[in-house]
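The values are calculated or read from the model by the stated rules, or taken from the named source; none is laboratory data. Bear in mind that the values here come from a model prediction, so they are computed numbers and not experimental data. Cβ coordinates were reconstructed from backbone atoms using ideal geometry, including for glycine residues, and neighbour counts include every protein chain displayed. Only protein heavy atoms, including side chains, enter the accessible area calculation; ligands, DNA and RNA are left aside. Shrake-Rupley method; radii C 1.70, N 1.55, O 1.52, S 1.80 Å.
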Amino acid sequence: MDESSLPGVGAEEIERARAPLERAWTLPPAAYVRPDIYDLEVERILRRSWAPLARTDQAPEPGDYIATDFMGQPVLLVHGLDGRFRAMANVCRHRAAPVAEGAGRRKLFTCPYHAWSYDTEGRLIAAPLMDGVEGFAPEDCRLGQIRTEVWEGFVMVNLDPDAAPFAPQVEPLRRYFQAFRMGEMAVVRTLTYDSGWNWKVLVENFMEAYHHLAAHAQTLEPAFHARDSVVPDSDGPWSILHMPAAAPDASRERLVQGLEDWQAQSLFAAVAFPHFLFALHGDGMAWYQMLPQTAGRFTLNIHICAPRYLLELEGADEIIAALEQATAAIHAEDIAVNDLVWRGLNAPMTGQGRLSTLERSIWQMNQWWLTQMGL
Ligand code: FES
Ligand SMILES: [Fe+2]
């Protein structure tokens, strides 16, 4: 296969997806369902892009750690004793056992296999009974360092050591949402879903409001009309969907302080490509953390975030329960339509479809995806 084509995808299909929005088609079904295309995505996109691993408030104290898996790489995220967040390969430099599991607080990470010990910066501090090993240099045995950036309270990682820094690429996104002070929010609840579709099915579902008129006819559509949704121009690897309120009610107090009326009344969905998704509204944020597993499966953690002061408020539990209930109800409606899409995408007669002009964000993402895939 030549580098500038995809298995099972014709040049004409790529041309249709590449057309200006008014003439554009969706990506071909193969881009979602074929395992060999997914393998190429892993190599060209998913292991080379920035993704959020955690919020800083999930590891607030020096020594706090979270052990996790990111695109096949065991990762140890540590809030260092020096105050910095580091993502490191959770793989012992002796014979490759993970040095920690789960989450907790430690000053030292001692490997369960032969007790090599690492500090919070991943430096090897002790390796028992290694005297007599010629040329053994503990200073060369630091845990592999993974590119890490803290952005608006998110700990972002990238497995590509040569990746361009994240923050400059999404600076317009940061400015657009500055008033929400995302960095001062905290995760108050997490909902976890095993999702049986290609990861792009959810990204697309997340970033257009066209489907409000059918999939969320009784819930979101009355409050945020599909036809009023707007997708601003984007000059980077990101997309914004602005959903203005159908009947603004400035009298209701919002949890996020200091917003202008149009911000407090609207719903926003933002995507930093490929799959860093967050929805913002006057009461906080829902961060959809996606962890792709295979072409047809990913884990989704929906982290409900709110301004930190909420946790001290009387009645916080009820407010959080209401946010959780609303988020789960909307996602249940999205699961139903994503299941339908997945069934259709896997059928032999399925081809590309036309995009609505309300699906500009999908078109923006598709252009980026095609470029990253070398097309
Ligand atoms: S594998 Fe970790 S100390 Fe041997
Ligand atoms: Fe939806």
If you go through segment 53-62 one residue at a time, do you hit one that is basic (Lys, Arg) and under 20 Å from Arg354 (Cβ atoms)? no
Which condition from (1) within 16 Å of ligand 1 (Cβ to nearest atom); (2) within 21 Å of the chain's Cα centre (by Cα); (3) surrounded by fewer than 20 Cβ atoms within 10 Å (Cβ to Cβ) is the one that Met88 breaks? (3)
Out of segment 9-61, which residues are free of Cβ contacts under 8 Å to residues at least 40 places away in the same chain and not β-branched (Val, Ile, Thr)? Gly10, Ala11, Glu12, Glu15, Ala19, Pro20, Arg23, Ala30, Asp36, Asp39, Glu43, Pro60
Considering only residues that are without any contact (Cβ under 8 Å) to a residue 40 or more places away in the chain, surrounded by 12 or more Cβ atoms within 10 Å (Cβ to Cβ), within 17 Å of Ala186 (Cα to Cα) and not hydrophobic (A, V, I, L, M, F, W, C), which ones fall in segment 290-324? Tyr309
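Give, as residue ranges, the helices (runs of 4 or more DSSP H) completely inside segment 1-74 that count at least 2 residues that are among the aliphatic types (A, V, I, L, M), surrounded by 15 or more Cβ atoms within 10 Å (Cβ to Cβ) and over 20 Å from the mean Cα position of the chain (by Cα).
Passing ranges, in order: 11-18, 30-33.
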Of the residues in segment 102-161 that are open to solvent by less than 40 Å² (accessible area, probe 1.4 Å), among the small types (Gly, Ala, Ser) and within 25 Å of the chain's Cα centre (by Cα), the one that is farthest from Asp69 (Cα to Cα) is Gly153
When you scan segment 331-368, how many residues do you find that are within 16 Å of ligand 2 (Cβ to nearest atom) and closer than 11 Å to Val201 by Cα? 9
